[in-house]
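Colleague: Quick one: the structure is below, and I'll ask about it shortly.
Rule-based calculations on the coordinates, nothing more; no lab input. Given the structure is predicted, the values throughout are model-derived calculations rather than measurements. Positions of Cβ are generated from backbone atoms using ideal geometry, with glycine treated the same way; all protein chains shown enter the neighbour counts.
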Amino acid sequence: MILVYIILFYLNCKKDVYGSPFPQRDLKNVHNMKSLIVIDACVRQSDSRTLRIAEPVIEALAQRYKITRYDLPELDIVPLNPGLFKERGQGEIPAWAKEAASAIAKADRILIAAPFWDMSFPAVLKCFFEQTSLFDITFTDNGKTCVGLCKAPKVLFITTRGMDISTGSEVEQATPYIKALSRLWNLGPLTTIAAQNMDYSTEHEIDEKIAAAVAEGTALARKW
């Protein structure tokens, strides 16, 4: 029985933050790895087409980065209401928001996974950004304008779009918002990996588009 417990403990230690084995990772060097923040705003969770792309990419990145993951649909995230706004002004910030903001500010890389909803992304992601955009943590000011305090030189956005809308289209408002927030927070250039027209494609076409996006993402992961 003791041997069984030892084996189970070992197997549990050989898992990353979302439960996938990573046999190629050198556990001795885990503490020396750069940090990656994963922000998952895929509300459909296991049925999410965006996660079908993101998960293999995250698994590939887990070989090179120590990952902290925020699965937003599982968190109790609400917009700033009058009560929360007043508390923030008094320095009373939810512990999870302060911790997440600090982790974002210190991260070496940031990956955001979110579907294309209502021409942008799910509201839970905006609420997360709103709660973690904290003065003197993710940004501050120099007396003339706002100045970002984050250090990640690269940001990756993985998404799927139901309609045939390309990144950079005037009706695609997710990418521009993340770029604007990156400027406020002092984040580096944004790379977007997207599969589009998913609601008007056959299952075979959807699988092909997801496979192509996964290939693009895992190739990027080797040098990102």
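Colleague: Would you pick out the residues in the range 106-127 that are touching a helix residue (DSSP H, G or I) at 6+ places or on another chain (Cβ under 8 Å) and buried (at least 21 other Cβ atoms within 10 Å of the Cβ)?
Modeller: Of everything in the range 106-127, those that are touching a helix residue (DSSP H, G or I) at 6+ places or on another chain (Cβ under 8 Å) and buried (at least 21 other Cβ atoms within 10 Å of the Cβ) turn out to be Arg109, Ile110, Leu111, Ile112, Ala113, Ala114, Pro115, Phe116, Phe121, Leu125.
Colleague: Can you tell me which residue is nearest to Gly217 (Cα to Cα) among those in the range 71-103 that are buried (at least 17 other Cβ atoms within 10 Å of the Cβ) and touching a helix residue (DSSP H, G or I) at 6+ places or on another chain (Cβ under 6 Å)?
Modeller: As a first pass, look at the range 71-103 and keep what is buried (at least 17 other Cβ atoms within 10 Å of the Cβ): 72, 77, 84, 93, 97, 100-101.
When the remaining residues are screened for being touching a helix residue (DSSP H, G or I) at 6+ places or on another chain (Cβ under 6 Å), the result is 72, 77, 97, 100-101.
Details: Leu72: 22, Ile77: 28, Ala97: 29, Ala100: 25, Ala101: 26 Å.
Step by step, filter the range 71-103, then rank; the result is Leu72.
Colleague: Please go through the range 140-160 and pick out each residue that is surrounded by fewer than 20 Cβ atoms within 10 Å (Cβ to Cβ) and in a strand (DSSP E or B).
Modeller: Scanning the range 140-160 gives Thr140, Asp141, Cys146, Val147, Gly148, Lys154.
Colleague: Separate question: Show the residue pairs that are 6+ apart or on different chains and have beta-carbon atoms under 8 Å apart, the first residue being within the range 127-156 and touching a residue at least 24 places away in the same chain (Cβ under 8 Å), the second being among the acidic types (Asp, Glu).
Modeller: Close Cβ pairs satisfying both conditions: Val147/Asp141; Leu149/Asp136; Lys151/Asp108; Ala152/Asp108; Pro153/Asp108.
Colleague: Across the range 174-205, which residue is nearest to the chain's Cα centre (by Cα) among those that are closer than 26 Å to Ile137 by Cα and touching a residue at least 40 places away in the same chain (Cβ under 8 Å)?
Modeller: Among those that are closer than 26 Å to Ile137 by Cα and touching a residue at least 40 places away in the same chain (Cβ under 8 Å), it is Ile178.
Colleague: So is Ala123 within 30 Å of Asp199 (Cβ to Cβ) and of a type in the set (A, V, I, L, M) or not?
Modeller: In short, yes.
Colleague: Oh, and also: Please go through the range 31-48 and give me each residue that is within 15 Å of the chain's Cα centre (by Cα) and not in a loop (DSSP other than H, G, I, E, B), ordered by number.
Modeller: The first filter runs over the range 31-48 and keeps only residues within 15 Å of the chain's Cα centre (by Cα), leaving 35-43, 45, 48.
Passing the criteria: Ser35, Leu36, Ile37, Val38, Ile39, Asp40, Gln45.
Colleague: Restricting to the range 132-147, count the residues that are farther than 15 Å from Gly89 by Cα and acidic (Asp, Glu).
Modeller: Counting residues in the range 132-147 that are farther than 15 Å from Gly89 by Cα and acidic (Asp, Glu) gives 1.
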